[in-house]
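Quick notes on the structure that follows.
The values are calculated or read from the model by the stated rules, or taken from the named source; none is laboratory data. No experiment lies behind these values; they were computed from the predicted model shown. Neighbour counts are summed over all protein chains in view; Cβ atoms, including those assigned to glycine, are modelled from backbone coordinates with ideal geometry.
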Amino acid sequence: MSYYYKYNFVSPEPIYAIVLEELKSYMDTGAVDSLLFPTYLDKCLKKLGKSSYVIAEVALHIEDFEARLPDNFYAVREAWMCTEIPLLPYQSANSFYSQTGTTTIQIAPITFNGTPCTNTGCTTGCPECMPDIVQAVYKTNSQQARSYKQAYLLKPGNISTRHNCDVNYSSNLDLYGQYHNTTGNIPYGSAYDSFDVRGNKFVTNFRTGVVHLIMYATDYDEIGNQLLPDNYRIREYVEHFIKYKVFEMLTNQTNDETFNQLQQKLMYYKSLADEAYIMAEMEIKKQDAYTKVNRIKKQLNKFNMYELPNRTNRYGRRRNN
């Protein structure tokens, strides 16, 4: 089971507003604009690494050795092969109320048990043609199946199909049922529990199954801005980096200020951006309370395997599992 810290993600619009207001004189003259701000934000997040992206979980249903990845997929964090176990489904808390036993209601003409009403203009059903109809309200509750559990962690590996590679270097595919694909393509991998990402497809070397994918994803607000972590150090780094790029753009243009003046401002904001990046990187590498507790337990249990099973005197130290 994986443990990870999930940031709250917010819109970068407040940061854009701060930069536009503090550099108002340059914006009003039209020397620079906010067109490249989303590009600068993307550079900052990529420089900070995958920890600045949203961690999402999704279930992939593998059919013919592959499944389509979500549109906001960025990178794989963990991919778990799931196995089916006989568990009873659980009932959802939501209910659907209708005047029929099924979820499909035919308004006009009224149909009861497959027999339509024969009277012209009848929209509510009449006793002459439908004597057995009963005005009732049905409550429908759906059920959610929970018959899958994580079995083992898949390993990243290079997988190719038959039309890309005809080298039959694995002679044990028949043993595992990985042959006679309906599309005529047989994937090969570095191991029997490997996976590969090719385009927008998640490719495995087992024919069908369910994969619990924990992935890094890109998320956007309602106006299309990429979200960033709600962390003070990360927000400061993005703000200083955008200001540095603005003055870098101004040094490549002709304006009222001299080149030396712009160069001094450029070096000033570059130093602020570099210092903010160091602080942001230190911030994302810090351990939260849960990570510290788990690592302390792991350190205490590191040598438990070497203890004698019949030993009674442990010098005041007990087994920590």
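Data table
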quantity: Pairs, first within 21 Å of Ser271 (Cα to Cα) and in the same structural domain as Asp33 (by TED's automatic domain parsing) in region 248-259, second part of a loop (DSSP other than H, G, I, E, B) and of a type outside the set (Phe, Trp, Tyr), C-beta under 7 Å, six or more apart; calculated: Met249/Val32; Leu250/Ala31; Leu250/Val32
quantity: Residues satisfying the stated conditions in region 15-35, i.e. free of Cβ contacts under 8 Å to residues at least 12 places away in the same chain and surrounded by 11 or more Cβ atoms within 10 Å (Cβ to Cβ); calculated: Ala17, Met27, Asp33
quantity: Residue, surrounded by the most Cβ atoms within 10 Å (Cβ to Cβ), within region 218-245, restricted to residues that are more than 18 Å from Ser34 (Cα to Cα) and more than 20 Å from the chain's Cα centre (by Cα); calculated: Ile234
quantity: Condition broken by Lys285, with the remaining ones in (1) under 25 Å from Ile18 (Cα atoms); (2) in contact with a helix residue (DSSP H, G or I) (Cβ under 9 Å, 6 or more places away or on another chain); (3) modelled with pLDDT under 90 satisfied; calculated: (1)
quantity: Condition met for Glu236 (in a loop (DSSP other than H, G, I, E, B) and modelled with pLDDT of 85 or more); calculated: no
quantity: Some residue of region 253-269 being in a loop (DSSP other than H, G, I, E, B), of a type outside the set (S, T, N, Q) and at pLDDT below 80; calculated: yes
quantity: Qualifying residue in region 49-68 (condition: of a type outside the set (S, T, N, Q), part of a helix (DSSP H, G or I) and crowded, with 16+ Cβ neighbours inside 10 Å); calculated: no
quantity: Residue in region 16-28 that is over 17 Å from Leu227 (Cβ atoms), touching a Phe, Trp or Tyr at 6+ places or on another chain (Cβ under 8 Å) and assigned to a helix (DSSP H, G or I) present; calculated: yes
quantity: Subset of region 69-90 [more than 21 Å from the chain's Cα centre (by Cα) and either among the charged types (D, E, K, R) or buried (at least 18 other Cβ atoms within 10 Å of the Cβ) (or both)]; calculated: Glu84
quantity: Checking Tyr40 against (1) surrounded by fewer than 17 Cβ atoms within 10 Å (Cβ to Cβ); (2) out of contact with any strand residue (DSSP E or B) (no Cβ under 8 Å at 6 or more places or on another chain), the condition it does not meet; calculated: (1)
